[in-house]
Amino acid sequence: MNPVIGYSAIAAVALASALIGFYGLRVSRTTSDFYVASRTVRPWWNASAIGGEYLSAASFLGIAGLILLQGSGGLWFPIGYTAGYLMLLLFVAAPLRRSGAYTIPDFTEARLESTWARRVTSTLVIVVGWFYIVPQLQGAALTVRITTGLPSWVGSVAVAVLVAVIVAAGGMRSITFVQAFQFWLKLTALAVPVVALLLILGSGEPPAQLTPAEAFPPAAGPADLDVYRTVSLMVALLLGTLGLPHVLVRFYTNPDGVAARRTTVIVLALLSVFYLFPTVFGLLGRAFAPDLAASGEADALILLLPGRLVPGIWGELLTALVIAGAFGAFLSTSSGLVVSLAGVISQDLLGGSVRGFRIAAVASSLIPLVVALSTESTGLAGSVGLVFAFTASTLCPMLILGIWWRGLTARGAIAGMLTGALLSGGAILGGPLLSAAAPALRPFLEQPAAWTVPLAVLVTVLVSRGDRRGIPRGADAFLTRLHVPERLAR
């Protein structure tokens with residue numbers, strides 16, 4: 001691969017993102033602009049921004065790599081990622097917008113009237129955000145190494161620094177412009193190469209040096225499905241989406257609950273279209289680049305396949321487009337996460353000022369950078385899937401029960417969140433050691449959501465029911481505000 005292509009594509013995306021971000025700085029003047037874009041973002045614009053930040057390295061590179069490695073088993077990831085927004089539409093979007101909160105910890109404190117519940121929620125939001133940023137930086141490291149030949153750390157540092165600068169400069173309003181642009185860049189960067197590759201392959205024989213393999217041999221079909229792992233993965237993806245801090249903060253930027261629901265419907269449509277393309281890339285990879293699975297470069301499939309199937313200048317142009325989309329994915333998701341983390345850290349530790357937001361944005365970028373530089377990537381989609389499992393076991397039960405159950409208490413919420421954090425965190429971090437000692441436990445540790453989520457919910461409910469005097473006095477009024485449409489509440 002010609003390194004000039006990689007340099008040019010990455011530089012173009014970085015420059016465009018910086019220019020759009022600094023344009024947003026011109027209209028970011030108030031504290032509300034920095035935290036929630038003054039709650040004036042319209043559904044189509046907000047949906048594009050959500051798509052920009054949600055479609056991370058796991059979606060852009062990881063899904064195709066998983067399909068290359070696992071065959072039909074990898075298809076559950078795009079299904080789960082998209083269906084998670086259906087859960088948001090049904091249970092969270094409009095009530096959360098009506099809460100009037102800036103952040104998830106703000107919602108927790110207002111709903112449960114407890115500073116301790118807020119502190120636990122804030123800690124979990126920060127943990128989730130940091131560990132979600134790490135795969136983005138590792139994806140950037142992979143992309144820079146594959147496409148330019150530079151050391152891996154250059155990609156991680158470039159994304160972290162650029163994100164810190166853009167977020168600190170313009171806050172939520174600035175990032176909204178950047179992420180909306182990056183969603184359409186990512187969609188174009190996958191759609192154009194996929195259509196081009198299908199037209200080329202459909203018009204004749206593939207290049208002589210490539211012999212198509214069977215994309216889905218019988219062993220990769222339904223008979224090879226691991227029921228427990230599949231169910232647990234879907235629990236993680238469906239419920240984990242409900243607790244992602246960078247996704248939820250977007251609903252605070254809508255003008256009202258109706259706009260929040262419309263935004264979610266548009267996001268569902270956009271995601272359904274987008275995920276067609278990495279899926280096709282994965283299928284083409286199983287047919288024409290199976291060697292990448294054996295060499296440990298499955299996540300690089302989207303970066304390498306256009307050059308293999310289309311030699312010459314056209315293959316280089318398609319590769320440049322894919323590189324640009326990949327770098328946009330790292331920037332947009334990292335930006336959304338840093339905005340949400342900066343809001344939480346600033347509100348809880350730095351007084352909630354614009355200056356505090358900027359300091360928190362820099363800190364929220366640098367700490368994951370240190371983790372990314374000191375660890376190795378274990379597969380982008382798989383690592384993000386574990387973050388979903390952790391989120392589904394911690395923030396999701398508190399959020400759902402806080403919106404829909406009057407009986408939730410602060411003690412119950414704290415007990416449930418800590419239970420979910422200990423169980424899922426222990427399974428994720430201690431899984432490799434425990435699996436070696438007891439191989440029968442491996443599926444339950446590698447995909448823990450199927451048992452950690454029910455246990456977290458059970459603890460939350462039991463502790464809350466045993467603490468009936470702890471039901472907040474303002475619970476009824478707060479729930480009424482969440483569920484009564486704005487036009488009736490006026």
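Take peptides 229-239, 322-332 and line them up by average Cβ neighbours within 10 Å, highest first, as a rough protection proxy.
Details: 229-239: 21.8, 322-332: 29.5.
The densest-packed peptide leads the list: 322-332, 229-239.
Run the numbers for V354 and W153: contour at 0.36 nm per residue of separation, minus the present Cα-Cα distance, in nm.
Working: separation 201, 0.36 × 201 = 72.36 nm, distance 3.04 nm.
Gain on stretching V354 to W153: 69.3 nm.
Using a simple spin-label model with points 7 Å from Cα along the Cα→Cβ vector, what separation in nm is obtained for V127 and A437? The answer from the label model is 2.1 nm. Span-like helix criteria (full DSSP H runs; alpha carbon extent of at least 15 Å along the helix axis; mean Kyte-Doolittle hydropathy of at least 1.0) are satisfied in the chain by 3-26, 76-91, 152-203, 227-240, 257-274, 276-288, 313-349, 354-374, 380-404, 410-437, 449-465.
Quick one: which of 107-114, 359-366, 53-60, 394-401 comes out on top by average Cβ neighbours within 10 Å, and what's the full order, highest first? Numbers along the way, then the final one.
Details: 107-114: 23.2, 359-366: 21.5, 53-60: 28.1, 394-401: 26.4.
Top to bottom by mean Cβ count within 10 Å: 53-60, 394-401, 107-114, 359-366.
In plain terms, the chain from V273 to W405 could stretch by 44.0 nm, reckoned as 0.36 nm per residue minus the Cα-Cα distance. Distance between the pseudo-spin-label points of D291 and A11 (7 Å out from Cα toward the beta carbon): 3.1 nm. Equivalent-ellipsoid semi-axes for the stretch 384-465 (Cα gyration tensor, √(5λ), whole Å, largest first): 26, 11, 9.
For the chain, relative contact order (Cα pairs under 8 Å, six or more residues apart, normalised by length) works out to 30 percent.
With all distinct Cα pairs included, what does the Kirkwood hydrodynamic radius of the stretch 244-401 come out to in Å, to one decimal, could you say?
The answer is 18.8 Å.
The shape of the stretch 280-349 comes out prolate: with a ≥ b ≥ c from the C-alpha gyration tensor, a/c is at least 1.5 and a/b beats b/c.
Largest first, the extents of the alpha carbon coordinates of the stretch 70-158 on the three principal axes equal 53, 33, 19 Å.
With r defined as the distance between the Cβ atoms of L373 and L86 and R0 fixed at 51 Å, what FRET efficiency is calculated, to the nearest 0.05? Walk me through the numbers on the way to the answer.
On the way: r = 37 Å, r/R0 = 0.72.
In this case the efficiency is close to 0.90.
Of the residues L198, G356, G129, the one whose Cα sits farthest towards the positive end of the charge dipole of the chain is G356 (charges of +1 on Lys and Arg Cβ, -1 on Asp and Glu Cβ, taken about the Cα centre).
Rounded to the nearest 500, the helix-only mean residue ellipticity at 222 nm of the chain stands at -25500 deg cm²/dmol, with each DSSP H run of n ≥ 4 adding -39,500 (n - 2.57). Once the Cβ-Cβ distance of L418 and H483 is raised to the sixth power relative to R0 = 35 Å, the FRET efficiency obtained is 0.80.
Would you list H246, H483 from the most to the least accessible area, probe 1.4 Å? Show your work: numbers first, answer last.
Values: H246 0, H483 70 Å².
The ranking, largest first, comes out as H483, H246.
Set the Förster distance to 51 Å, then compute FRET efficiency between W184 and D467 from the Cβ-Cβ distance, nearest 0.05.
Values: r = 49 Å, r/R0 = 0.95.
According to the calculation, E is roughly 0.55.
Once you have the Kirkwood Rh of the chain from its Cα pairs, apply Stokes-Einstein at 37 °C and 0.692 mPa s and quote D in µm²/s. Can you show the working numbers first?
Numbers: Rh = 22.7 Å.
The diffusion coefficient I find is 145 µm²/s.
Dipole orientation for the chain: of the candidates I5, P43, G474, G474 has the Cα lying most toward the positive pole (charges on Cβ; Lys, Arg +1; Asp, Glu -1).
In a simple Cβ point-charge model (Lys, Arg +1; Asp, Glu -1; nothing else charged), the chain has a dipole of about 1900 debye relative to its Cα centre.
The values are calculated or read from the model by the stated rules, or taken from the named source; none is laboratory data. Values in this document were obtained by computation on a predicted structure and should not be read as measured data. All Cβ positions, glycine included, derive from the backbone under ideal geometry; neighbour counts span all protein chains shown. SASA here: full protein model, heavy atoms, side chains in, ligands and nucleic acids out. Shrake-Rupley method; radii C 1.70, N 1.55, O 1.52, S 1.80 Å.
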